[in-house]
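Reading through the structure tokens given below for one structure.
The values are calculated or read from the model by the stated rules, or taken from the named source; none is laboratory data. Computed from a prediction, not measured in an experiment: that's the story for all the values here. All Cβ positions, even for glycine, are placed from backbone atoms using ideal geometry, and neighbour counts span all protein chains on display. Only protein heavy atoms, including side chains, enter the accessible area calculation; ligands, DNA and RNA are left aside. Shrake-Rupley method; radii C 1.70, N 1.55, O 1.52, S 1.80 Å.
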Amino acid sequence: MNKEKKPIKIKLSVSVIIIVIIMVLSVISIYFLTESIEKDKLEIESNRQKVQESINRNNIVNDEIKAKENNKEKQETQRKTNKAKGIKMVQFDEEFYKIEDVAIESRKCENIKNYKDFEYDLDGDGKKDIITVVHKTEKQDNGMGQTYEEDKYEFKLNDKIFYEENNPNFTEIFITDLNKNDKSIEVVIFDNGPSEDPHCLIFSKIDSKMKKIKELGWSLYTNQKGKLVCSEIHRATTTPEIFPNYYVIENNEIKKKDIDFSKIKNETFTAKDILFTEDMKNIDKYWELSASPKYQGDHEPDEVFNDAGIIKLTEKDEFKVIGYYKDIDIQIKLKDGRKGYLLGNHFSD
């Protein structure tokens, strides 16, 4: 006799448990799916921000490059528009220009906080050279057990030092073309000197190295065709200014040339407040008098000069120039017929 199979009955409690498990699994699945979606969103957003930041950086760099190029274009336009004013000198049949007026670019070193780059093809090889001025400070001992910081400038050509200026005094750099007829662009470094003895150093790139080709005085002038003239702190001066010599720059060399003074024999000059004597022996006389008991204590310098036969000219004292005497004094003939010498710096302590 076959027994009849009875249908299996699932209890209500088991059904509830299964439903709960399914719901939990669903919640867990939804949770992980949501987390994955959020993670993907965050990753997409992060990537978007990185791309945007990269774009922004590139835009900034491009803006800086454009600003630099625009600035150079403006400077070039300004130079072309405002042509440097030439100075007519009585000894030459051509105009000269102050270095600061015709410099391609210049910078007062005291305004350089860290470093400054100048990019120019200095020797005409088609490649840009980089002149870098680096500002540094060094500790110095004052001799009394105390230290102080002293400024220092390093001048580099393509990251190699070619000159250092320690204890600088109003140092300034000029990138300038002293001779437009050659391929070189020169670097001129000016410093006022620790004892008010200003000078300028002229550098030129030769065989991948920067070399000093000349040290001259101050107030450097150029005709931009290879001729240079400069003032010297120790020389006597006239109005208009004259020079005992000039210099020629060619093929990275500077040569000294004498000037024919017969060309200015008919010119009239003045020299306000410049010392004049008819006899050069009066210089020794001045020193003897200044050391004598009579002139110890409170005495005006002019009193000693006058007693030594040395006077100061006024703007009314006109004269003709005969020529330079030992490259420091100027031999002249005053309008009243007296001959003598304008004195240079013979009286520094």
Could you give the length gained on full extension between VAL248 and PHE347, defined as 0.36 nm per residue of separation minus the Cα-Cα distance, in nm? 32.5 nm
Counting Lys and Arg as +1 and Asp and Glu as -1, what is the net charge of the other residues whose Cβ lies under 11 Å from the Cβ of ASP182? -2
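Within the accessible area of region 187-291, what % is carbon and sulfur when the probe is 1.4 Å and the other protein chains stay in place?
Taking all protein chains in place, region 187-291 shows 43 percent carbon and sulfur surface.
Quick check on packing: order 202-212, 167-177, 258-268 by the mean number of other C-beta atoms within 10 Å, highest mean leading.
In decreasing order of mean packing, 202-212, 167-177, 258-268 become 167-177, 202-212, 258-268.
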Simple spin-label estimate for GLU215 and ASN167 in nanometres, 7 Å along Cα-Cβ: 1.4 nm
Past 18 Å, Cα to Cα, is the threshold; run LYS265/LYS333; LYS281/LYS320; LYS139/LYS212; LYS128/LYS212 against it and keep the listed order. LYS281/LYS320; LYS139/LYS212; LYS128/LYS212
Calculate, for LYS335 and LYS255, the FRET efficiency according to 1/(1 + (r/R0)^6) with r their C-beta to C-beta distance and R0 51 Å; round to the nearest 0.05. 0.90
Between beta-carbons, use under 9 Å as the cut-off and find the net charge around ILE322, counting Lys and Arg +1, Asp and Glu -1. +4
Quick check for you: with a 1.4 Å probe and neighbouring chains kept, what is the accessible area per residue of region 140-185, in Å²? 58 Å²
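Go through ARG338, ARG235 and list them by solvent-accessible area, largest first, probe radius 1.4 Å.
Heavy-atom accessible area, descending, gives ARG338, ARG235.
For region 198-325, what is the relative contact order in percent, using Cα pairs closer than 8 Å and at least 6 residues apart in sequence? Please report the intermediate quantities before stating the final value.
Details: 182 pairs, mean separation 26.1, N = 128.
Result for region 198-325 is 20 percent.
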Segment GLU149-ASN266, extension gain: residue separation times 0.36 nm, minus the distance between their alpha carbons: 36.6 nm
Summed side-chain charge close to LYS294 - residues other than LYS294 whose Cβ falls under 12 Å, Lys, Arg +1, Asp, Glu -1: -3
Are there chymotrypsin sites (Phe, Trp or Tyr not before Pro) in region 304-349 that DSSP marks as loop and that have at most 15 other Cβ atoms within 10 Å, and which are they? PHE347
Region 186-331 accessible area per residue, 1.4 Å probe, protein heavy atoms, integer Å², reads 54 Å²
Just report the Cα centroid separation between region 199-238 and region 266-335, whole Å. 29 Å
